[in-house]
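Bear in mind these aren't lab numbers, they're just calculated from the coordinates by the rules spelled out. Nothing here was measured: the structure is a model prediction, and the numbers come from that model. Cβ placement follows ideal geometry from the backbone for every residue including glycine, while neighbour counts extend to all protein chains displayed.
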């Protein structure tokens, strides 16, 4: 890996690294990526669903059971069905947005903690 000194920042308490916010507390989701999903309108077509699932993929390590929460969206992408946004997808969309409002911080385990 080669570092560009003009892009490096040293001696800070937190900063962005590979799309995440890294601090002494741990790793947090990038607020810009979270806001991008929170501001998304209800999907109207297959392309919108693909955008949503792509944005969610960037945050999977912060969303518990993300595959289960994304399943209603992926069901719309299966086969050549006509796009039909239903109550199941609406509920899943609301749950994902609600979960994103309070994401956890990924912290390293303390020495001696049971994993």
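Here is the figure for region 77-115: residues that are without any contact (Cβ under 8 Å) to a residue 12 or more places away in the chain and surrounded by fewer than 10 Cβ atoms within 10 Å (Cβ to Cβ) total 14. If you go through region 56-76 and keep only what is farther than 16 Å from residue 89 by Cα, without any contact (Cβ under 8 Å) to a residue 40 or more places away in the chain and part of a helix (DSSP H, G or I), you end up with 57, 60. Against the conditions (1) surrounded by fewer than 15 Cβ atoms within 10 Å (Cβ to Cβ); (2) assigned to a loop (DSSP other than H, G, I, E, B), residue 16 satisfies every one except (2).
Taking the criterion of being in a helix (DSSP H, G or I) and more than 10 Å from the chain's Cα centre (by Cα), the residues of region 36-51 that qualify are 38, 46, 47, 48, 49, 50, 51.
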